[in-house]
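Structure, as structure tokens:
The values are calculated or read from the model by the stated rules, or taken from the named source; none is laboratory data. None of these values were measured; they are calculated from a predicted model. Cβ sites come from the backbone with ideal geometry, for glycine too, and all protein chains shown count toward neighbours. Only protein heavy atoms, including side chains, enter the accessible area calculation; ligands, DNA and RNA are left aside. Shrake-Rupley method; radii C 1.70, N 1.55, O 1.52, S 1.80 Å.
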Amino acid sequence: MGKGGEQGGDSGEPAAQIRFYTWEEIQKHNLRTDKWLVIERKVYNVTKWASRHPGGQRVISHCAGEDATDAFQAFHINPTLVQKFLKPLLIGELAPGEPSQDRDKNSQLVEDFRTLRKTAEDMNLFRASPLFFSLYLGHIIAMEVLAWLMVSYFGTGWIATLILACILTTSQAQAGWLQHDFGHLSVFKKSSWNHIVHKFVIGHLKGASANWWNHRHFQHHAKPNIFKKDPDVNMLHIFVLGDTQPVEYGKKKLKYLPYNHQHEYFFLIFPPLLIPVYFQIQIISTMIRRRFWADLAWAISYYLRYFITYIPFYGVLGSLCLLTFVRFLESHWFVWVTQMNHIPMEIDSEKHRDWLSSQMAATCNIEQSFFNDWFTGHLNFQIEHHLFPTMPRHNFWKVKPLVKSLCAKYGVQYEEKPLGKAFVDIVGSLKKSGDLWLDAYLHK
């Protein structure tokens with residue numbers, strides 16, 4: 001590592017020395033107590049800042065020791081504002097002889113992807129349609145009102161209650177897709193407005209925590225399907241995923257559950273229990289443990305509204321049962337839609353790929369139709385969403401042809417399938433991983 005290059009000050013103060021660093025040096029700083037990263041050839045020490053990072057400290061730590069330019073651009077809608085926080089963390093630059101990308105990444109592919117992003121910006125694809133999101137919120141609130149009117153008018157018989165549960169499940173699932181839009185800062189130009197409405201939608205309409213969701217979900221976006229970095233593939237020993245984990249478990253003779261049957265017990269454990277049990281416990285304990293008091297207040301407002309609305313009809317116990325049943329139904333919807341894009345794809349340890357390649361390896365699309373768009377909250381365009389998380393979802397179809405042609409140019413697989421096949425592939429990939437585990441468990 002050498003020094004050099006005089007940098008003249010703007011206001012006549014003595015020139016500061018720029019320090020130059022090699023990739024070899026930077027890559028050493030990827031520890032919990034020592035984190036550097038590179039954005040546009042500038043080197044930043046984020047060790048102390050990480051704990052104050054609004055997106056959570058883990059997501060920024062996952063990029064330590066590497067080039068974070070594309071991740072930085074993907075997540076922040078107001079780079080000039082963020083620049084203010086970056087400035088004091090600057091410690092130097094990449095040495096002039098060093099490539100802009102670390103670890104032999106294809107620099108031409110990276111440049112082409114950045115050009116594609118610039119094209120999307122020039123086409124105004126990052127500008128949201130206020131009408132789209134107003135109507136979307138409107139149709140959720142309409143369902144909530146319809147549910148209440150229905151029970152007021154038709155009473156609390158079994159059939160009326162079942163229809164009511166279906167309406168509430170639909171409004172909850174759709175509010176889930178809508179909070180995702182605000183959480184990704186894809187609606188308003190100002191981050192602060194997105195954050196406020198995000199708290200309202202996830203807190204008051206769903207009873208969950210914005211901070212809990214952000215800190216979890218941004219990690220998934222930064223490092224999708226990467227063990228130890230993407231919380232969505234941390235299956236707590238209940239399932240084994242991908243091609244390498246099952247073999248590791250098998251060789252170590254780890255058998256927490258009979259993984260060769262995981263494609264069968266998946267139906268009993270994952271879709272029915274994820275939201276009503278696992279997420280519920282996680283959300284409430286996180287809000288209290290991490291002192292997210294604003295989120296807690298929003299969540300309490302949801303429960304107050306819900307119980308004030310339904311206790312007069314169903315009583316306390318009846319309302320609780322209804323709520324649990326709605327979450328049980330919503331959980332099935334949520335699990336099948338969110339897992340279909342990722343579980344059948346590559347799931348492995350960190351490979352240090354460029355942004356485009358790492359997102360494409362972990363993600364597939366579902367065919368476009370009006371129903372698929374609505375049913376999945378436009379997550380049928382999961383590839384485009386992962387490449388451009390802050391892009392409003394009604395523009396995914398416009399950027400899709402550009403993404404496909406870039407992938408074709410570099411031979412990167414762009415996978416798209418029908419909705420039914422996507423669901424079947426979840427079970428098929430779990431069976432495949434379970435079989436790999438059994439083989440390693442018995443024979444390796």
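For the reader, a short list of remarks on this structure follows.
- Every residue from the stretch 31-57 that is among the hydrophobic types (A, V, I, L, M, F, W, C), under 23 Å from F292 (Cβ atoms), open to solvent by less than 10 Å² (accessible area, probe 1.4 Å) and not in a helix (DSSP H, G or I): V46
- Of residues in the stretch 352-376 being free of Cβ contacts under 8 Å to residues at least 40 places away in the same chain and under 19 Å from Y414 (Cβ atoms), the one most open to solvent (accessible area, probe 1.4 Å): Q368
- In the stretch 275-290, the residues that are more than 17 Å from Y302 (Cα to Cα) form Cβ pairs under 6 Å with partners that are at pLDDT 95 or above, at six or more places apart or across chains, as follows: T286/W212.
- Residue within the stretch 224-244 that is out of contact with any Leu (no Cβ under 9 Å at 6 or more places or on another chain), more than 20 Å from G183 (Cβ to Cβ), part of a helix (DSSP H, G or I) and β-branched (V, I, T) present: no
- Across the stretch 379-410, the qualifying residues are those that are charged (D, E, K, R) and crowded, with 19+ Cβ neighbours inside 10 Å, and the one among them that is farthest from F266 (Cα to Cα) is R393.
- Of the helices (runs of 4 or more DSSP H) contained entirely in the stretch 91-210, those carrying at least 2 residues that are in contact with a helix residue (DSSP H, G or I) (Cβ under 8 Å, 6 or more places away or on another chain), closer than 30 Å to W397 by Cα and among the small types (G, A, S) fall at 158-183.
- Some residue of the stretch 269-284 being open to solvent by 80 Å² or more (accessible area, probe 1.4 Å), at pLDDT 95 or above, assigned to a helix (DSSP H, G or I) and over 20 Å from H217 (Cα atoms): no
- Checking each residue in the stretch 147-198 for being β-branched (V, I, T), open to solvent by less than 80 Å² (accessible area, probe 1.4 Å) and within 22 Å of G55 (Cβ to Cβ) picks out V187, V197.
- Counted residues, the stretch 291-350 - those being in a loop (DSSP other than H, G, I, E, B) and of a type in the set (S, T, Y): 1
- All positions within the stretch 40-55 that are out of contact with any Asp or Glu (no Cβ under 8 Å at 6 or more places or on another chain) and of a type outside the set (D, E): Y44, N45, V46, K48, W49, A50, S51, R52, H53, P54, G55
- The numbered conditions (1) buried (at least 19 other Cβ atoms within 10 Å of the Cβ); (2) part of a loop (DSSP other than H, G, I, E, B) are all true for I60 except (2).
- Test: residue in the stretch 411-428 that is open to solvent by 10 Å² or more (accessible area, probe 1.4 Å), touching a helix residue (DSSP H, G or I) at 6+ places or on another chain (Cβ under 6 Å) and closer than 18 Å to V233 by Cβ: yes
- Those residues of the stretch 386-406 which are closer than 20 Å to H220 by Cβ and without any contact (Cβ under 8 Å) to a residue 60 or more places away in the chain, in sequence order: F396
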